[in-house]
Amino acid sequence: MLHWFFQRVTAIFLVFGMAVHILVLPLGGERLSYSLVSGRFSHTGWVLFDLLLLASCIYHGLNGIWGVILDYNLRLSRFIGYTISAIAFIFLVLGIAAIGGFR
């Protein structure tokens, strides 16, 4: 039951989060550069925002894939669930490392 709720919560956050992300970076008026992104990540609020956006994207996407797999009621659903969890962990670690590389 909670997966359904968090799928909706992350969808709402992704709509607003991606709008902010697109309006601030590509349409913000400045040319996108390493120094611009590094300057943005010097503020803790932006780091937290991007970490939440990263976690929401990973959860929303992989939970959607998990829901499709459950619809087919496969015998390997437990193995696939563990595989999806491992993929989510790897993406989260890589994303945190990428964000942390700017600090």
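Please go through the stretch 13-47 and give me each residue that is of a type in the set (G, A, S) and at negative phi, ordered by number.
The initial filter retains those residues of the stretch 13-47 that are of a type in the set (G, A, S), namely 17, 19, 28-29, 33, 35, 38-39, 42, 45.
Across the stretch 13-47, the qualifying residues are G17, A19, G28, S33, S35, S38, G39, S42, G45.
Name the residues in the stretch 49-83 that are more than 19 Å from V9 (Cβ to Cβ), assigned to a helix (DSSP H, G or I) and hydrophobic (A, V, I, L, M, F, W, C), would you?
In the first step, residues of the stretch 49-83 are kept if they are more than 19 Å from V9 (Cβ to Cβ); the result is 68-83.
With the extra rule that they be assigned to a helix (DSSP H, G or I), the set shrinks to 68-72, 77-83.
If the condition is that a residue be more than 19 Å from V9 (Cβ to Cβ), assigned to a helix (DSSP H, G or I) and hydrophobic (A, V, I, L, M, F, W, C), then V68, I69, L70, F79, I80 are the ones that fit.
So if I check each of G67, G81, G28, G61, which one is over 19 Å from the mean Cα position of the chain (by Cα) and either surrounded by 11 or more Cβ atoms within 10 Å (Cβ to Cβ) or more than 23 Å from L94 (Cβ to Cβ) (or both)?
Working: G67 fails: over 19 Å from the mean Cα position of the chain (by Cα); G81 fails: over 19 Å from the mean Cα position of the chain (by Cα); G61 fails: over 19 Å from the mean Cα position of the chain (by Cα).
Of the residues listed, the single one that is over 19 Å from the mean Cα position of the chain (by Cα) and either surrounded by 11 or more Cβ atoms within 10 Å (Cβ to Cβ) or more than 23 Å from L94 (Cβ to Cβ) (or both) is G28.
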*Run R40 past the list (1) under 23 Å from L92 (Cβ atoms); (2) of a type in the set (K, R); (3) at pLDDT below 85 and report the number of the one that doesn't hold.*
(3)
*Go through the residues of the stretch 40-60 one by one and say whether even a single one is in contact (Cβ under 8 Å) with a residue 40 or more places away in the chain, among the β-branched types (V, I, T) and touching an Asp or Glu at 6+ places or on another chain (Cβ under 6 Å).*
no
_Single residue of I87, I65, I69 found to be touching a helix residue (DSSP H, G or I) at 6+ places or on another chain (Cβ under 8 Å) and either in contact (Cβ under 8 Å) with a residue 24 or more places away in the chain or of a type in the set (S, T, Y) (or both)_ = I87
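The values are calculated or read from the model by the stated rules, or taken from the named source; none is laboratory data. Just so you know, these numbers come straight off a predicted model, no measurement behind them. Cβ coordinates were reconstructed from backbone atoms using ideal geometry, including for glycine residues, and neighbour counts include every protein chain displayed.
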